[in-house]
Amino acid sequence: MNRKLISDQDLVNLYVSGQESALEELVGRHKSKIYTSIYLLVKDSYLAEDIFQDTFIKVINTLKAGKYNEEGKFLPWVLRIAHNLVIDHFRKEKRTPIVTNTDGFDIFEVLGFVEESIEDKMLREQGHNELRRLIQLLPEEQKEVLIMRHYGDLSFKEIADLTNVSINTALGRMRYALNNLRKMMNQKEYSYRQAM
Amino acid sequence: MVQTFTQNDIIKALYHELPASEMVHLEEQLENDTEIQNNFEDLNVLKLKLDSLVLEPSMSVISSILDYSRSYKK
């Protein structure tokens with residue numbers, strides 16, 4: 001059977017019934033979205049990996065104990081666990097995230113690019129670093145919605161429920177996040193042009 | 001009747017959450033309103049840039065998770 005055609009729910013059922021390989025498929029299918037979401041919130045690759053691992057330990061414990069009841073919503077459920085672990089971490093640390101762009105450069109990989117020159121690769125990495133930096137400059141509420149919607153694939157309704165706000169508030173925060181990112185990118189381009 | 005869309009509707013459309021019937025009307029409005037059309041296109045470009053920023057966890061953390069599952073005891 002081609003596992004790529006199986007729904008998340010069927011993979012969950014296979015895993016609960018004892019097929020370990022179903023978990024491998026679920027992790028492989030969603031690891032990028034989950035890890036990117038965590039990383040953009042904590043801004044530290046080592047901490048992001050720890051939280052990513054803790055998230056799946058909770059997932060495994062729940063599934064193996066037969067306590068999973070989120071039929072058809074595997075990814076939003078996992079992202080909720082990850083999100084709660086991030087909040088727990090910052091509560092324990094009693095601090096808010098600090099903006100930094102010096103961490104994790106060498107261990108993340110950006111997918112989807114093949115056969116590019118060294119110059120192209122450098123330009124792309126510079127672009128990604130800059131984009132990550134600009135995301136970190138967004139107000140926390142806007143950044144949170146952007147990450148959950150864009151990287152976590154949660155619907156605006158799910159984000160609204162998770163963050164205890166109305167859908168319109170969640171949509172408004174996303175709108176401000178995108179507009180602010182766009183403004184910051186335009187300003188940067190303008191500064192470059194002025195300097196040349 | 002001329003249907004007008006809010007900025008939040010544009011965001012819903014961008015993330016494919018606008019109902020199909022409303023999407024048809026929005027597309028009509030986009031064709032007739034250059035300002036909204038440019039705004040929508042700019043947001044789409046930004047969305048593509050965000051799409052390209054995908055990070056991956058290390059293989060070792062994936063292995064640890066799968067090992068934990070295999071050794072799980074109730």
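The values are calculated or read from the model by the stated rules, or taken from the named source; none is laboratory data. It should be emphasised that the depicted structure is a prediction, and the values quoted were computed from it without experimental measurement. So basically every Cβ, Gly included, is an ideal-geometry build from the backbone, and we count neighbours across all protein chains shown.
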Might you check whether a residue that is surrounded by fewer than 16 Cβ atoms within 10 Å (Cβ to Cβ) and under 15 Å from the mean Cα position of the chain (by Cα) occurs anywhere in region B:24-37? no
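Take the conditions at pLDDT below 85, surrounded by fewer than 18 Cβ atoms within 10 Å (Cβ to Cβ) and within 21 Å of the chain's Cα centre (by Cα) and apply them to A:Asp161. Does it pass?
Details: at pLDDT below 85: no; surrounded by fewer than 18 Cβ atoms within 10 Å (Cβ to Cβ): yes; within 21 Å of the chain's Cα centre (by Cα): yes.
For A:Asp161, the condition - at pLDDT below 85, surrounded by fewer than 18 Cβ atoms within 10 Å (Cβ to Cβ) and within 21 Å of the chain's Cα centre (by Cα) - is not met.
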Tell me, please, whether a residue that is in a helix (DSSP H, G or I), aromatic (Phe, Trp, Tyr), modelled with pLDDT of 85 or more and in contact with a Leu (Cβ under 6 Å, 6 or more places away or on another chain) can be found in region A:176-183. no
Search result, residues across region A:47-63 that are surrounded by fewer than 16 Cβ atoms within 10 Å (Cβ to Cβ) and either in a loop (DSSP other than H, G, I, E, B) or in contact (Cβ under 8 Å) with a residue 12 or more places away in the chain (or both): A:Lys58
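Report yes if some residue within region B:21-43 is part of a loop (DSSP other than H, G, I, E, B) and either among the hydroxyl-bearing types (Ser, Thr, Tyr) or within 9 Å of another protein chain (Cβ to nearest Cβ) (or both); otherwise report no.
No, because not a single residue in region B:21-43 is part of a loop (DSSP other than H, G, I, E, B) and either among the hydroxyl-bearing types (Ser, Thr, Tyr) or within 9 Å of another protein chain (Cβ to nearest Cβ) (or both).
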